[in-house]
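Input: a single structure, listed below in structure tokens.
Derivation of every value follows stated rules applied to the coordinates shown; laboratory data play no part. Just so it is clear, the structure is predicted and the values come from calculations on it, not from any experiment. Methodologically, a virtual Cβ is constructed for each residue, glycine included, from the backbone with ideal geometry; neighbour enumeration extends over all protein chains shown.
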Ligand SMILES: [Zn+2]
């Protein structure tokens, strides 16, 4: 069996005391990952320093909205513009890629609340890359069971985009075990910091074949 391709992503940080420990585990396993940071956390002095450390260690750093409190599919247009521009600035300041963006999906659900037509158009005109996911093991709600969920889901995708969280009470306690088990089951996976079209509805400002996932209401 060929090794799966796996893009490991961490959302909702950076979190002092957690993100640094996540980086240590990734370094021990030589796993390159991508972090989608919340703008207001990244813009603090401690957060910006963690963001710089993320990129210094070879990981990608993108944005995951400024407030992580309003879904773009139900937000006013001016709120969308404000969330995007402030997040982009914070990510760029920390040395990341301000045009790499993951929308806020409450509970990880991909539906019409995720993005408005205005939001999609703004991402396109701004040249953004919008990254969704296909493996959501739920580390934030099931600290004990997420590893088995993740391993099972990864088996079903040739190219997995796994969402974990570098926050308190989420992936960190079992992250080392997860990476060890994944390597035992599959040999060394092909670690990816790129994302398949099915999880990238907008790439460098252009709609991909999965663009329709951003507009499921129509
Ligand atoms: Zn999130």
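Remarks
- Descending semi-axes in whole angstrom, ellipsoid equivalent of the chain, from the Cα gyration tensor: 26, 20, 15
- Region 19-51 and region 98-174 have Cα centres lying 16 Å from one another.
- Cα-based shape type of region 54-112, given that a ≥ b ≥ c are square roots of the gyration tensor eigenvalues and the cut on a/c is 1.5: oblate
- Computed on the chain, with alpha-carbon pairs under 8 angstrom and 6+ residues apart, the relative contact order is 28 percent.
- Using only the C-alpha atoms, the convex hull of region 93-198 corresponds to 134 Å³ per residue.
- One chain, two ends: residue 44 and residue 121. Fully extended at 0.36 nm per residue, the span grows by 24.8 nm beyond their Cα-Cα distance.
- Beta bridges by DSSP in region 5-215, antiparallel share as percent, to the nearest 5: 15
- Under the simplified labelling scheme, the residue 194-residue 55 pair shows an inter-label distance of 2.1 nm, with each label point 7 Å from Cα along Cα→Cβ.
- Acute angle (nearest 10 degrees) that the helix 45-56 long axis makes with the longest principal axis of the chain, alpha-carbon atoms: 60
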